[in-house]
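Asks: Take this structure first; my questions come after.
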Amino acid sequence: MPIDNCPHSFSEMAGQVLPDLMKQMRQSIDKPVPIAEFMKPGNGIKKLLANAGLSGDFPGSYVLIENGKPIYVGISRQVFRRIWLHCRGETHYNANLVYRIASKKKPSDVKTSRDKRMQDEEFLAVFNEVRSHIQQCSFAYVPIDNDLTLYLFEAYCAMELDTYEWNTFRTH
């Protein structure tokens, strides 16, 4: 019985499906979308989707790109909403990549909760600086409907694009 209704065998996934999606992602990377578009007044998610010729948000994989270099691969059931949160999120919950980068830039020498760190003015200044930096990046994306394909592609794409600094697949 297929996992998550995936119509492909593992051999098909490894040999054709994932490489085909990677080819699509590389084509998308060649024409990235500036995240600055998400910051313009009046550009809500619906308008951004319409500007991209899309009728609605979608599940898929995305790549954050800094100066032409992929830095992070993510997946989401709503890709444009997720990008919106990366560049506009204000908490460690909805802007967790920003939080992770800020934590590396300003490590804590004591074990402090995420909520408490977000109340620290110095840390919050670094968090806001990182978020502003993300706003200057661009992104590429590939729609992927099947959950299993989506999860496998995230790891495959992160390995192919060598986004080791910010991608991790450790579990709790």
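The values are calculated or read from the model by the stated rules, or taken from the named source; none is laboratory data. Given the structure is predicted, the values throughout are model-derived calculations rather than measurements. In this analysis, Cβ positions are derived from the backbone assuming ideal geometry, glycine residues included, and neighbour counts consider all displayed protein chains. Surface accessibility is based on the protein's heavy atoms, side chains included, excluding ligands, DNA and RNA. Shrake-Rupley method; radii C 1.70, N 1.55, O 1.52, S 1.80 Å.
Asks: Kindly indicate the residue of the stretch 129-167 that is acidic (D, E) and either touching a strand residue (DSSP E or B) at 6+ places or on another chain (Cβ under 6 Å) or within 16 Å of L21 (Cβ to Cβ) (or both) and also most open to solvent (accessible area, probe 1.4 Å) among those meeting that condition.
Replies: D145
Asks: Which is crowded, with 17+ Cβ neighbours inside 10 Å, within 22 Å of L21 (Cβ to Cβ) and hydrophobic (A, V, I, L, M, F, W, C), of V63, V126?
Replies: Within the list V63, V126, the selection yields V63.
Asks: Same structure, new question: Which pairs have Cβ atoms under 6 Å, sit 6 or more apart or on different chains, and link a residue in the stretch 122-141 that is in contact (Cβ under 8 Å) with a residue 24 or more places away in the chain to one that is exposed (fewer than 15 other Cβ atoms within 10 Å of the Cβ)?
Replies: The qualifying pairs are V126/K105; Q135/M39; C137/E66; S138/P34.
Asks: Across the stretch 122-146, which residue is nearest to L54 (Cα to Cα) among those that are assigned to a helix (DSSP H, G or I) and under 16 Å from the mean Cα position of the chain (by Cα)?
Replies: Restricting to residues being assigned to a helix (DSSP H, G or I) and under 16 Å from the mean Cα position of the chain (by Cα), the top hit is Q135.
Asks: Only one of G89, G68 is of a type in the set (G, A, S), free of Cβ contacts under 8 Å to residues at least 40 places away in the same chain and open to solvent by less than 70 Å² (accessible area, probe 1.4 Å). Can you tell me which?
Replies: Only one candidate passes the filter, namely G68.
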